[in-house]
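J.: Dumping the structure here so I can ask a few things about it.
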Amino acid sequence: MTDQATEEKQLARAWARPKGLASFSDVNNSVIGVWYITAAFVFMIFGGVLALIMRTQLAVPDNNLISAETYNQMFTLHGTVMMFLFAVPIFEAVAILILPAMLGARDLPFPRLSAFGFWCFAIGGVFVCGSIFFNAAPDAGWFMYPPLSTEQSGIGADVWLLGLSFIEVASIAAAVELIVGVLKCRAPGMHINLTPAYGWYVLVVGAMILFAFPPLIAGDFLFEMERAFNWPFFDVTRGGDPLLWQHLFWIFGHPEVYIIFLPSIALLAMIIPTFSQRPIAGYSWIVLSAIGTGFLSFGLWVHHMFTTGLPSISLGFFSAASEAVAIPTGIQLFVFIATVMLGNVVRTVPMLYCLGALATFIVGGLTGVMLAIAPFDFQAHDTYFVVAHLHYTLIGGMLFPVLAGIQYYYPFATGKVLSRAYGIWSFWLTFIGFNVTFLPMHLTGLLGMPRRVFTYGAERGWDLLNLVSTVGAFIFAAGFLLFVWDCVRPKGKQPNVKRNVWNAGTLEWAGRVPADDWGLRSIPLINSRYPLWDDPKLLRTIDSGKGLLADAKEGRRETLVTSVLDAEPVQVLRVGTPTWLPMLAAIGLGGTFIFPVWKLWWPTLGSGLFFLGVVLYWLWTGTAEIPEKQTKDVGNGRRVPLYVAGPRSTGWWAMFITMTGDLTAFLAVLFGYFFFWTVHPAFPPRGIEGPGWQWPLVAGGFIILTWGATLGARLANAAGRVALARGLLAAGLLGAVLSGLALMAGPWTTGLDPTEHSYPAIVWGLVVWIVLHLAAGMVMQAYALARSIFGKLTPRHDADLWNVTLYWHFTGFCALLTALVIGGFPLLQ
Amino acid sequence: MGRTSDIAKRGMYAASLLFALGLLAACSPQQSALHPAGEAAEELANLFWFMTAGGAIIWCLLMGAAIYAVVGKKRPRSERFADRFVFFGGVVFPTVGLAILLVFGLALLPNWREGDAADLQVHVVAEQFWWRLGYETDDGAIVAAANEVHLPVGATVEFALDTTDVIHSFWIPSLGGKMDAIPGRTNRLRLTPTKAGVYRGVCAEFCGPSHALMAFPVVVHEQAEFDAWFEVQQKPAIAANAEAFVSAGCGACHVVRGISEAGSVGPDLTHFASRRTIGAGTLELTQANLEVWLIAPSHIKPGVRMPSFATIEEAERDAIVAFLMELK
């Protein structure tokens, strides 16, 4: 018994939350998750207020409550905020909160990275939202089509481009974190095929973020180069093309819809089995259709561009692809209905929201099927019909499921339940208010009302429909406020709920109430999808410390890392403790993105260096630490290593995943090169000389040298030849410098002027992209070298070197490809 | 929570009520895809009603199943049932249904080819926030006009769409679908009006501050009436008293053929008074509105390039108005 008490005390000490002002330095997922959700809802309410003002403006014809200028800023911000500051972040926020508990982990693998993501999100969000109070908000629509947005004076477009690129960093950081979490931090025995459906969805959506956000970041990069330095990527008078942006935007924008939708469906996949008191009917169906939906969602983007004058063959293809995605989406809904049918339904408020979500989403899905027929889209595109459609999908497919999820997980996070009466009232108010607002819009649109109009004439006959929509919007808002009030009202006298209040089957409900920050008392062995239902002794095993990792003898925060498929323990990972570093890094990166809005280059550089300094200090002191012993006894006679490197470690996976996203962004820029090739009769255009093949060849040679030297350094180091490894690292560093210089020398010596035409602009764009990556690689080489010299990187403890090598696999490939394309492609013409 | 069972009923009730209300409200069908007056619009309106009916049935079936799953007394208990339910409901039915819909829906894609002759060729240049028009005569000459489209009933008209600034979209809901005007390329849209009457077109792609005020009347004539209109449009202006117009500098931006041919920034005004609106569908063309327009154009239409003529003498302004109102 005393052993038990000591162990618990150790856990409590290791996982103690910082107090007072220092509590803002917290990094634990249960804290960050709550902050993240709160911040996302604050932004959501801001976006909602904008919507109410717009609805008031449109309540009557010829209204002049707000000016066209203000209206245009408002609809731009409304879309931007709801998409980038609510819909995507709420997924990450909820996942950060519940995922570790669901997988039986004590925390996510990189708690400080979660905190960093949160601070980027908060700072970027306040910056973007705040712009409207200075009349400086973007006003070209959330899709930012050039040339309207490129030629716009003022800083609005820069606020959008830079602010959102910054927030996308946060999104990608969270995606990396969550993917590694699902792959590597499952409880022992939780084979990939026993992972809760939610985990699968997180995996699919995380992967989608990695492939969908980078094209937008690449687009932002090109766009900001045009705005800041006059590089004509989208300017037709100098060989640019505005449609390039539309492609890049919608290659991001359409998967994004599913990035928003799938995690919310994932919540339903947890709630519905619980309240049906049975396992989900068709686990394989739902996992496969989640993957299928994610996959197909990348092939639909052109349905946002049906009216841009594409040939009929493309229209037909993308119509068919857009219809096809309805099939895996539908399967998921059928699985839910089947689960409820076979189960013993418990009628609760979350289930009411689930039904509301279903009723709403099906309407959105059906109008989506209609819009996917290209000829019908010719009529409905850019009208209120589409406004109705997208709100039915987003509110039915995202908001109602998230509200259901909050109702469901509220006791998990707080130990209290929400009021049933308030819940039912807020449901009916939001559900009725929503339908009164948006159902008439289908008709308003087909009666000819375009989107994004700040007013309309009385003689159009749209006044009654618009008035009804406005009234509905306020009912909707009232219901939502009631929901928020229910969440935030003091519940001091309400006793804590009993453990596993809903009698759920999954691991996140195994914790005590109130929840412990370290999660479970000890980590049990899992052998079913619903361990709480299937293993009656589970809670006793956990509580008696008979599971794994029951103590924190060394006073460190530890979680188990397991293998990707079979969830065999491979490492005891010591995760980050509270620190201000993530916040400081976010401030530094924020400055790097925000100062360029005003073209303040010195503060930009200063912020960038500050960011770099903080990150290096963070890595130096907090990662790949050499432990005091090789292995740790995690209980049940198992000894698990404290240090692993390469593919078994979380860091290597994080690097791999990040670089996959980075590669996607690079390919999107490269897509720009070939896109211009297809729109120009001669490419390079007549009268403009390419960068020649000689310098790119030299650059390619040095890149191979760097790549090989770094790989050689890892092998030499592992073989104990430390001096050789250091020499190779230094050689690699030199090679990176030289290849960067050689790469720039090509277009420089042939006098390519990036402001003259899209061809030199895209060549320079590729070169700049690679040179920035080479610069980051040089920092990494120097870092690894320093780690080796200071004894933090040894032949046995070489995680840093594995990760740097992995970085060069990607960057070397991209740099070689760039040299080949800019140097070699003109030779083929 | 016995109320749950009411969701479907209430939803359907609300839906049908709102729909009826909406149709009543639609007393002005000049700009409505559901009151077609062109070939494409007719087909698409039919397609819409067909898909809506199908969608409503599917919605009721699915929600019926969901509500039955929650409240139903006799429930299936076998996993095999679940599998079949998901397979037939989620895979077979949508695959077949969507395939049929695609076949019928995609049949409505435009099937003409580049080079197929149209009965009338109209060049449209969309600019912030108005429409520059050019009608091709039989001998290939271009007759300039602006902000009001006239078409002969029954003729297939090809619009060649360009823009000089940002992306716009040309949309006459009563006649058919829309098409974007994108810098650097010329998009083509074909429409065939089937009923004479006055309709209205708009810009459908957000294009800046006055996107909401970028519209145009569309007048579909019987052929003879159209020919008469077209003949008038080909003639130069016949109006006296152009002095005020010229001295105020209006000619720097506007062409009035036969009087002032230099300006090209703003709309051609040769037959201005024959049009129905001012400011691209923004105000009805009346003498009073024209005065207001000259005094404060950017108040009426934010972001418009037309400068204010508030500072010139009232008499001079009256003379300009009088001159313009004569340009039939």
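J.: Roughly speaking, to the nearest percent, how much of the protein assembly as shown's 1.4 Å accessible area is carbon and sulfur?
T.: Working: 27680 of 41540 Å².
Reported share for carbon and sulfur atoms: 67 percent.
J.: Can you give me the long-range amide H partners of residue B:38? Hydrogens built in the peptide plane at 1.01 Å from N, cutoff under 5 Å, separation of 5 or more residues or another chain.
T.: Residues meeting the criterion, in which the H sits 1.01 Å from N, are B:194.
J.: Still on this structure: List the residues of the stretch A:54-95 for which accessible area in the full set of protein chains is at least 20 Å² lower than for the chain on its own; 1.4 Å probe, protein heavy atoms only.
T.: Listed by number, the residues meeting the 20 Å² cut-off are A:68, A:72.
J.: Taking both sides together, what accessible area is buried at the B/A interface, probe 1.4 Å, expressed in Å² and rounded to the nearest 100? Intermediate values should be presented prior to the final figure.
T.: Numbers: alone 18380 and 30850 Å², together 41540 Å².
Counting protein atoms only, the buried area is about 7700 Å².
J.: So what's the projected area for chain B, the Cα convex hull averaged over all directions, in nm²?
T.: Mean projected area of the Cα convex hull: 22.5 nm².
J.: Report, in whole Å, the centroid distance computed from the Cα atoms of the stretch A:155-175 and the stretch A:505-532.
T.: So the two Cα centres are separated by 36 Å.
J.: Still on this structure, please answer the following. Can you give the Rg to Rh ratio of the stretch B:254-294, both from alpha-carbon atoms, with Rh computed by the Kirkwood formula?
T.: Numbers: Rg = 10.7 Å, Rh = 10.9 Å.
That ratio equals 0.99.
J.: Something else now. When ranked by the protection proxy of mean other Cβ atoms within 10 Å per residue, highest first, what sequence do the peptides A:307-318, A:390-401 form? All intermediate terms of the calculation are to be shown ahead of the outcome.
T.: Numbers: A:307-318: 16.6, A:390-401: 24.3.
Those peptides, ordered most packed to least, come out A:390-401, A:307-318.
J.: In what sequence, highest mean first, do A:637-645, B:164-172 appear when ranked by Cβ atoms within 10 angstrom? Let's see the in-between values first.
T.: Numbers: A:637-645: 17.0, B:164-172: 24.2.
Ranking, from highest mean packing down: B:164-172, A:637-645.
J.: Now for a separate question. Starting from a Cα-only point model with no solvent, please compute log10 I(q)/I(0) by Debye for the protein assembly as shown at q = 0.04, 0.09, 0.10 1/Å.
T.: Those come out to -0.24, -1.14, -1.35, one per q.
J.: If Rh is defined by the Kirkwood formula over all Cα pairs and Rg also comes from Cα, what ratio Rg/Rh do you get for the stretch A:172-219?
T.: Working: Rg = 12.3 Å, Rh = 11.4 Å.
Over the Cα atoms of the stretch A:172-219, Rg/Rh equals 1.08.
J.: Calculate the length of the line joining the C-alpha centroid of the stretch A:1-67 to that of the stretch B:102-175, in whole Å.
T.: 52 Å
J.: Going Cα to Cα from residue B:74, which aspartates and glutamates come in below 20 Å? Please leave out same-chain ones fewer than 8 positions away.
T.: Reachable aspartates and glutamates: B:6, B:83.
J.: Let me ask something else about it. Would you kindly calculate the mean projected area, averaged across all directions, of the convex hull enclosing the Cα atoms of the stretch A:398-551, in square nanometres? Intermediate values should be presented prior to the final figure.
T.: Details: hull surface 52.9 nm².
Hull-based average projected area comes out at 13.2 nm².
J.: Using a 1.4 Å probe on protein heavy atoms, which residues of the stretch A:304-332 have at least 50 Å² less accessible area in the complex than alone?
T.: Residues of the stretch A:304-332 that lose at least 50 Å² of accessible area once the other chains are added: A:307, A:327.
J.: Right, here's the next one. Shape of the stretch A:375-488 from its Cα gyration tensor (a ≥ b ≥ c, root eigenvalues): rounded if a/c is under 1.5, otherwise prolate when a/b > b/c, or oblate?
T.: On the way: a/c = 3.71, a/b = 2.20, b/c = 1.69.
Judged from the Cα gyration tensor, the stretch A:375-488 comes out prolate (a/c at least 1.5, a/b above b/c).
J.: Determine the calculated [θ] at 222 nm for chain A from helices alone, applying -39500 (n - 2.57) to every DSSP H run no shorter than 4 residues and normalising by the residue count; nearest 500 deg cm²/dmol. Walk me through the intermediate numbers first.
T.: Values: 27 runs with 538 residues, N = 829.
Rounded to the nearest 500, it is -22500 deg cm²/dmol.
J.: Okay, moving on. Need the per-residue list for the stretch B:100-126: every residue with at least 30 Å² less accessible surface in the complex of protein chains than in the chain by itself, probe 1.4 Å, sorted by number.
T.: Checking the loss per residue gives B:101, B:102, B:106, B:109, B:110.
J.: Ok, one more. The stretch A:711-786: percent of C-alpha pairs farther apart than 19 Å?
T.: Values: 1333 of 2850 pairs.
The answer is 47 percent, as a whole percent.
J.: Taking every residue in B:67-80, how many Cβ atoms of other protein chains lie within 10 Å of its Cβ, on average?
T.: On the way: counts 5, 3, 12, 12, 2, 3, 0, 0, 6, 3, 3, 1, 5, 0.
Going residue by residue through B:67-80 and averaging, the value is 4.
J.: Right, something else. Over the stretch A:323-446, give the accessible area per residue in Å² for a 1.4 Å probe, as an integer.
T.: Values: 2370 Å² over 124 residues.
Solvent-accessible surface per residue comes out at 19 Å².
J.: Pairs A:553/A:792; A:546/A:632; B:178/B:328; A:498/A:537; A:9/A:546: which exceed 22 Å Cα-Cα? Walk me through the intermediate numbers first.
T.: Working: A:553/A:792 24 Å; A:546/A:632 16 Å; B:178/B:328 30 Å; A:498/A:537 18 Å; A:9/A:546 16 Å.
Among A:553/A:792; A:546/A:632; B:178/B:328; A:498/A:537; A:9/A:546, the Cα-Cα distance tops 22 Å for A:553/A:792; B:178/B:328.
J.: Right, next: Roughly how big is the stretch B:18-174's charge dipole about its Cα centre, with Cβ charges of +1 (Lys, Arg) and -1 (Asp, Glu), in debye to the nearest 20?
T.: Values: 8 positive and 16 negative charges, 401 e Å.
Roughly 1920 debye, rounded to the nearest 20.
J.: For the stretch B:35-101, what is the accessible area per residue in Å², given a 1.4 Å probe and the full set of protein chains?
T.: 54 Å²
J.: Report D for the stretch B:210-305 in µm² per second (integer): Stokes-Einstein, Kirkwood Rh on Cα pairs, 37 °C, 0.692 mPa s.
T.: D, rounded to a whole number, is 222 µm²/s.
J.: For the stretch A:105-248, take the convex hull of the Cα atoms, compute a quarter of its surface area, and give me that in nm², please. Mind dumping the intermediate values first?
T.: Details: hull surface 41.0 nm².
Over every viewing direction, the Cα hull of the stretch A:105-248 projects on average to 10.3 nm².
J.: Expressed as cubic angstrom per residue, what is the convex hull volume of the alpha carbon set of the stretch A:692-829?
T.: Numbers: hull volume 11.8 nm³, N = 138.
It comes to 86 Å³ per residue, whole-number rounded.
J.: Along the positive direction of the dipole of chain B (beta-carbon charges: Lys, Arg +1; Asp, Glu -1; about the Cα centre), which of B:287, B:240, B:161 reaches farthest?
T.: Projecting each Cα onto the dipole axis, the largest value belongs to B:161.
J.: Oh, and also: Under the rule of -39500 (n - 2.57) per DSSP H run of 4 or more residues, summed and divided by the residues of chain B, what mean residue ellipticity at 222 nm is obtained, to the nearest 500 deg cm²/dmol? Walk me through the numbers on the way to the answer.
T.: Numbers: 9 runs with 116 residues, N = 328.
After summing the helix terms and dividing by residue count, I get -11000 deg cm²/dmol.
J.: Separate question: Within 10 Å of each Cβ of B:90-96, how many other protein chain Cβ atoms are there on average?
T.: On the way: counts 14, 7, 1, 3, 10, 5, 0.
Partner-chain Cβ atoms within 10 Å, mean over residues of B:90-96: 6.
J.: At 10 °C and 1.306 mPa s, grab the translational diffusion coefficient of the stretch A:88-162 from Stokes-Einstein with a Kirkwood Rh over Cα pairs, rounded to a whole number in µm² per second. Each step should come with its number before you reach the end.
T.: Numbers: Rh = 14.7 Å.
The Stokes-Einstein estimate is 108 µm²/s.
J.: Now, a different point. Mind checking the per residue accessible area of the stretch B:124-184 for me, 1.4 Å probe, whole number of Å²?
T.: On the way: 1340 Å² over 61 residues.
Ligands and nucleic acids excluded, the result is 22 Å² per residue.
J.: A further question on this structure: Tell me whether the stretch B:43-104 comes out rounded, prolate or oblate; compute the Cα gyration tensor, take square roots of the eigenvalues as a ≥ b ≥ c, and use a/c under 1.5 as the rounded threshold.
T.: oblate
J.: Of A:41, A:161, A:310, which is farthest on the positive side of the dipole of chain A, counting Cα position, with +1 on Lys and Arg Cβ, -1 on Asp and Glu Cβ, and the Cα centre as origin?
T.: A:41
J.: Sticking with this structure for a sec: For a quick check of your reading of the filter: which chymotrypsin sites (Phe, Trp or Tyr not before Pro) in the stretch B:120-154 sit in a DSSP loop and have no more than 15 other Cβ atoms within 10 Å? Before the final figure, lay out the partial values.
T.: Working: sites: B:129, B:130, B:131, B:135; in loops: B:129.
Those that pass, being in a loop and sparsely packed, number zero.
J.: Here is a follow-up. If you project the alpha carbons of the stretch B:169-267 onto the principal axes, what extent comes out on each, in Å, largest first?
T.: Principal extents (largest minus smallest coordinate, Cα): 43, 38, 24 Å.
The values are calculated or read from the model by the stated rules, or taken from the named source; none is laboratory data. All values reported here derive from a predicted model rather than from experimental measurement. With ideal geometry, Cβ positions are generated from the backbone for all residues, glycine too; neighbour counts draw on all protein chains shown. With ligands, DNA and RNA removed, areas are computed over all heavy atoms of the protein, side chains included. Shrake-Rupley method; radii C 1.70, N 1.55, O 1.52, S 1.80 Å.
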